[in-house]
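A quick write-up on the structure given underneath.
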Amino acid sequence: MKKPKNAVYMKQDNRKNILNIIHGKQISRADLARKTGLTRASISGIVDDLINQGIVIETGVKESASGRKPVKLGMNIDYLYALGVNIRYDHCLVGLSDINGTVIEEERLDFSELKNSDEGIEKIVVSLKRIIAGNVREQKVLGIGISSPGPVDIYGGVILNPPRLELWQGAPVVAKLKQEFAFPIFLDRDAVAATLVEKNYGKGRKYKNFIQIEITNNGIGCGIVIDNKIYRGVDGFGGEFGHMSIDLNGKQCRCGNVGCIESFASIEAIMESLEDACPEVKSWQDIVIKSKDDDAFVDIIRREARYLGVGIVNVMNLFELEAVILSGEVVFEPYLLITELRQFINQRSITRTIKTIDVLVSEKDYNQHSVSSATTVLEKFFSGELMDF
């Protein structure tokens, strides 16, 4: 007798939930039952199916108070792999990651003398084929994830018009790679890709609702997670934190609007403001080092916290998120910046008298390697989009 659809969907949801719990950690069947609320019999049935499929393996034992040693479960890291392509203005990172997001191999391609995007894609194809041939059978490749600075058309697979990526404007990167590979291929903004890594492997694992803000020499990007899912908006352009306008009479941003946060708080904007008075200052790291002996640079860090804080408070008041996670260049010795930012946000958010918003620093700059791009594929696997469990 055919099972009702709702029972089938419920089983699929339970399997996805169990996989997401096992993902990145080791856990016993009993702990799975406690976390999911499912019966031990249901857990055993689903886990046995996953073991038979080769997705999950029994990895060892765990001491318990009663002296028993329940078997622990973990992901089979050899089950599937994902390829990542991280396109930057002067280089590209191409790599292979296992199902736990560990980079198996990575190659840096020099794009400093690139003539056009087709030439870049040719280099990417050669690199991908070499990495696959040297590491894994094609049948084990789940897909290819591509990331680049935004804006990008995630549904059409086209890089639109990111600043400093003039050669890539309008490049149909997904269509081009599909001419060479039969795998599923996806394109996303680099900041969103970094947020997915934070969500799955970093400090974001603790939260179902948070914003990850990445501040680099290229600008300010972000990803917003609501109910454990990336918020994208209608056509995938949602979450452009750097282009929130905070000054109606501010200077024109390169996006065409005026008074954007990025025109005040990006590393590039700060360096421009110091160009004449302090030509020796070339990076955020230089600012932090100088702030130890010069109050003028302490003021720069405090001003950065205020600019970021205004935008973050607006986001918090709209979405009521639990946490802010910062990444990028500004996480170098971030004590002063984080202290000022935490104080600003928790003094001004609408929930200030009810609860505290966590302000954290990412443990790694995930956007500096290909795992962020590969995670766009792994995320679709664990959400069930790429495979019918």
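Write down the Kirkwood hydrodynamic radius of the chain, to one decimal in angstroms, obtained as one divided by the mean of 1/r over all alpha carbon pairs.
Across the chain, the inverse of the average 1/r is 22.6 Å.
Roughly what % antiparallel, to the nearest 5, for the DSSP beta bridges in region 206-363?
Restricted to region 206-363, the bridges split so that about 50 percent are antiparallel.
Restricting to Cα pairs below 8 Å that are 6+ residues apart, what does the relative contact order work out to for region 206-363? Please round to a whole percent.
Once divided by the residue count of region 206-363, the mean separation gives 23 percent.
Name the long-range amide H neighbours of Val359: under 5 Å, sequence gap of 5 or more, or other chain; modelled H, no Pro or chain starts.
Close amide H contacts, sequence-distant or interchain: Val324.
What share of all Cα pairs of region 306-389, in percent, falls into each consecutive 5 Å distance bin?
Over region 306-389, the share of Cα pairs per 5 Å bin runs 3, 13, 20, 16, 14, 13, 11, 7, 3, 1 percent.
Expressed as a rounded percentage, what relative contact order does the chain have, with Cα pairs under 8 Å and six or more residues apart?
16 percent.
Against the longest alpha carbon principal axis of the chain, how many degrees, from 0 to 90 and to the nearest 10, is the axis of helix 371-382 turned?
The angle comes out near 40 degrees.
Short version: ³J(HN,Hα) in whole Hz for each residue of region 300-308, in order, from phi by Karplus 6.51 cos²θ - 1.76 cosθ + 1.60 (θ = phi - 60°), x for Gly and Pro, what are they?
Couplings: 5, 5, 5, 5, 4, 4, 5, 4, 5 Hz.
Looking at region 147-196, I'd like the Rg to Rh ratio, where Rg is from alpha-carbon atoms and Rh is Kirkwood's inverse mean 1/r.
Rg/Rh for region 147-196 comes to 0.97.
Given q = 0.11, 0.17, 0.29 Å⁻¹, what are the Debye log10 I(q)/I(0) values for region 246-315, with equal point scatterers placed on the Cα positions and solvent ignored?
Result of the Debye calculation: -0.29, -0.66, -1.30.
Using modelled backbone amide H atoms (1.01 Å from N, in-plane), which distant-in-sequence or interchain residues come within less than 5 Å of Gly143's amide H?
Under 5 Å from the amide H of Gly143 lie the amide H atoms of Leu83, each far enough along the sequence or on another chain.
To check you understand DSSP bridge types, tell me what percent of the beta bridges within the chain (both residues inside) are antiparallel, rounded to 5.
Among the beta bridges of the chain, antiparallel pairing accounts for roughly 60 percent.
Got a sec to turn the phi values of region 159-166 into Karplus ³J(HN,Hα) couplings, 6.51 cos²θ - 1.76 cosθ + 1.60 with θ = phi - 60°, whole Hz, x for Gly and Pro?
Karplus values, whole Hz, x for Gly and Pro: 6, 8, 9, x, x, 6, 10, 4.
At 7 Å along Cα-to-Cβ for each site, give me the label-to-label distance between Asp235 and Ile21 in nm.
4.1
On average, how much area does the Cα convex hull of region 247-389 cover when viewed from any direction, in nm²?
Its average projected convex-hull area is 11.9 nm².
Taking amide H positions as placed 1.01 Å from N in the peptide plane, with prolines and chain starts having none, which residues 5 or more places from Gly24, or on another chain, fall under 5 Å of its amide H?
Amide H neighbours of Gly24, under 5 Å, 5+ apart: Met75.
To the nearest 10 degrees, how steeply does helix 40-53 sit against the main Cα axis of the chain, on a 0 to 90 scale?
Its long axis makes an angle of about 80 degrees.
Apply the Karplus parameterisation 6.51 cos²θ - 1.76 cosθ + 1.60, with θ equal to phi minus 60°, to every residue of region 143-148 and state each ³J(HN,Hα) to the nearest whole Hz, in sequence, with x for glycine and proline.
Karplus values, whole Hz, x for Gly and Pro: x, 10, x, 10, 10, 7.
At 7 Å along Cα-to-Cβ for each site, give me the label-to-label distance between Glu180 and Lys129 in nm.
Modelled inter-label distance: 0.7 nm.
Quick check on region 282-348: what does the Kirkwood estimate of hydrodynamic radius come out to from the alpha carbon pairs, in Å?
12.5
Note the full-extension length gain between Asp247 and Arg205 as 0.36 nm times their separation in residues minus their Cα-Cα distance, in nm to one decimal.
Between Asp247 and Arg205, full extension yields 11.7 nm more.
Rounded to the nearest 0.05, what FRET efficiency do Arg108 and Tyr335 have when you use their Cβ-Cβ distance and R0 = 30 Å?
Efficiency, from the Cβ-Cβ distance: 0.45.
Pulled fully out, how much extra length does the chain show between Val71 and Ile289, if you take 0.36 nm times their separation in residues and subtract their Cα-Cα distance?
Stretched fully, the Val71-Ile289 segment lengthens by 73.5 nm.
We did not get these values from a lab; they are worked out from the coordinates using the rules stated. As the structure is a computational prediction, the values presented were derived from the model and not from experiment. Ideal geometry is used to build each Cβ from the backbone, glycine not excepted, and the neighbour counts take in all protein chains shown.
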